[in-house]
Amino acid sequence: MPTTGSAAYRAHVDLIARIESAYDAIARVDARTERHGALLLFIAQEPGFTRYARPDPTVRRPITADEIAAVRARQRQLGLPEAFEWVHEVNPELLALAEAAGLNVVRAPLMVFDPQRVPPDEQRRQPAVRLLDPHSDEFAADLATCLAVADLGFSNPGTAVGTAGPAERDAAWRPIEPEQVRAERRRAETGTLVRALLETDAGAVATAGLQRAGDVAEIAGVATLPAARRQGFGTAITLALARSAVDSGVDVVFLSAADPQVARVYERAGFVRVGTACIAEPAAS
C-alpha cells in the first residue's frame, strides 16, 4: 500500500473507487434493486443470471449486523442464494460482521491489468481465442459450449489437472433456453457482456467473460477443462480478453482470483493485486 497522502496513495484510492463503481453498475444490468439500509439487494430479471447483495456506494456509514440479517431473510423469502459481495478496502467492517453471522467469506485477490507486466513469452503466444459474435448463427451453440466448459471447470475447482476433457464437455452440452439466448445476445450487442472461447484441435478448452461498465471492465468466469490445465490456457484467454477490452477503449480491467494459487495464473497475464474482493455465503452443510 502506498504511503498515505502520497500521489500513489491517491491514485490507488481512485482506482479502488472506480472498481467499486463498476461493481455496482455491473450488478444493476437487467436487475432490480431493493434497499435494506446500507445494503442493496440485486434481483436478476433475466434467466441465466444470478445476483447478490452489495453495499450501497452512496451510503457513507458502516453496515450493521441487523441489515445483513434483513437481507438474508429477504433472500430466503425470494428463494435466492444468501450471497454478499464487497471490496474489503471500501467496507472493511463487513468481514467481521459476515463471519459473526455464520457466513463463509472468501477473500479473493483483487487484481488489475497492467500491460507492462505481461511476460515476454506470453506476449509471443498466439492462442486461438474467439469472442462470441451476437450476430452469428452459431451464437446460441457457442454460448452453450461456454457454459458446458464453465460447468466442468467450476465443478472441479483449483488448478490441478483432472480427467474431465472434451468428451465430458460434449456430454455436458445442452441447448440454451431462447429467453437466456436473447438476454445474452442483447448484452453482447451493447458490449456489456462479452464471452470468449479458446479452441484447440480438440475444440473449446477454456472460456471467460468480460462485463463492461463504461471505461472499466471485469473479467469473470475464467474456466479451463480440468484435463487441459497447466498448459497456459487460462492465462492466454484472460490476456486476450484484457487486450481486447483495452483496444476497445476500456481504461481499467480488473478481476478477482479464487485464491493466491489462481492469482498466479493471472499474474502471468499481466495482472497485479490491488486489494481484496470478499464473497460471503453460508457455509456448506
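The values are calculated or read from the model by the stated rules, or taken from the named source; none is laboratory data. Values in this document were obtained by computation on a predicted structure and should not be read as measured data. Note that we place each Cβ from the backbone using ideal geometry, even for glycine, and neighbour counts take in every protein chain shown. Protein only, heavy atoms only, side chains kept; ligands, DNA and RNA dropped before computing areas. Shrake-Rupley method; radii C 1.70, N 1.55, O 1.52, S 1.80 Å.
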Taking every C-alpha to C-alpha distance in the stretch 157-220 and binning by 5 Å from 0, the per-bin percentages run 4, 13, 17, 21, 20, 15, 8, 2
The size of the Cβ-based charge dipole (Lys, Arg +1; Asp, Glu -1) of the stretch 21-67 about the Cα centre, to the nearest 20 debye, is 120 debye
Sorted by accessible surface (1.4 Å probe, heavy atoms of the protein chains only), largest first, T159, T238 come out as T159, T238
Using a 1.4 Å probe on heavy atoms of the protein chains only, the accessible area for V161 in Å², nearest 10, reads 90 Å²
Ignoring ligands and nucleic acids, H88 exposes an accessible area, probe 1.4 Å, in Å² to the nearest 10, of 50 Å²
The relative contact order of the stretch 1-131, taking Cα pairs under 8 Å that sit 6 or more residues apart, comes to a percentage of 16 percent
Computed on Cα atoms, Rg of the chain relative to 2.2 N^0.38 Å comes out at 1.00
Counting only DSSP beta bridges with both partners in the chain, the antiparallel fraction in percent, to the nearest 5, comes to 90 percent
In nm, the gap between the two label points placed 7 Å beyond Cα toward Cβ at T64 and A167 is 5.9 nm
With +1 at each Lys and Arg Cβ and -1 at each Asp and Glu Cβ, the charge dipole magnitude of the stretch 1-105 around its Cα centre, to the nearest 20 debye, comes out at 180 debye
Restricting to Cα pairs under 8 Å and 6 or more apart, the percent relative contact order of the chain works out to 25 percent
